[in-house]
Amino acid sequence: MGDRWPTQIQREQLELRRAVPRDEGRALPEANTPFRAQVAALFDAHFQRLYRYMNRLSGESDLASDVVQGAFVRLYLRGSLPDEPEAWLISVAMNLFRNEKGTRSRRLRLLTADRGAWSLGDPPSSPEETVESGDARRQVRAALEKLPERDQQILLLHGEGYRYREISLALKLNEASVGTLLARARRAFRRAYEELSSAP
């Protein structure tokens, strides 16, 4: 991720890798339990979709990967499955993302201008990345960034194939209002995109 300091997510992953024997007084699940198999099945079924959502929301593949892994780590450390595991994973991943954004923002304020420019400089792009970073992609991201956070989340979650029920649980909305909110978010995105398209 380019930073020298480990993030909270990286610290949790390191803690899990070291096979910490206890989490807040609870023993970690044994290697061959049904719970561990359920977590593995959830990981196999949902990691890629949740990763794509977080990658689109954050614009940073490393951060998205860390956040989604962190959500699964927390699920594993929880020791039991929530009633709605997909919605729970989305909520946890979004909370981890918000926390990481806040941490980065505070860190940037603490760095001097010269030091910040040095430590946050972009590495040179590979030819594949150059091709991917076309005008349309930048325009879509810019239009998304003009929208309120909830609109961004609804559009991206729906774009990844999450059902209205999952979206409502993850964003703490009434399920009946998701369709209306999604339609409004689409209209707002279309207006923002068209404004950017017509700008010189």
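The values are calculated or read from the model by the stated rules, or taken from the named source; none is laboratory data. Since this is a predicted model, take the numbers as computed values, not measurements. No Cβ is skipped: glycine too gets one built from the backbone with ideal geometry, and neighbour counts run over all protein chains shown.
Got a number for residues in the stretch 90-113 being at pLDDT 80 or above and small (G, A, S)?
2
Which pairs have Cβ atoms under 8 Å, sit 6 or more apart or on different chains, and link a residue in the stretch 41-67 that is farther than 23 Å from V140 by Cβ and assigned by TED's automatic domain parsing to the domain that holds R163 to one that is part of a helix (DSSP H, G or I) and aliphatic (A, V, I, L, M)?
none
Can you report the number of residues in the stretch 143-192 which are within 17 Å of E84 (Cα to Cα), of a type in the set (G, A, S) and assigned to a helix (DSSP H, G or I)?
Count: 2.
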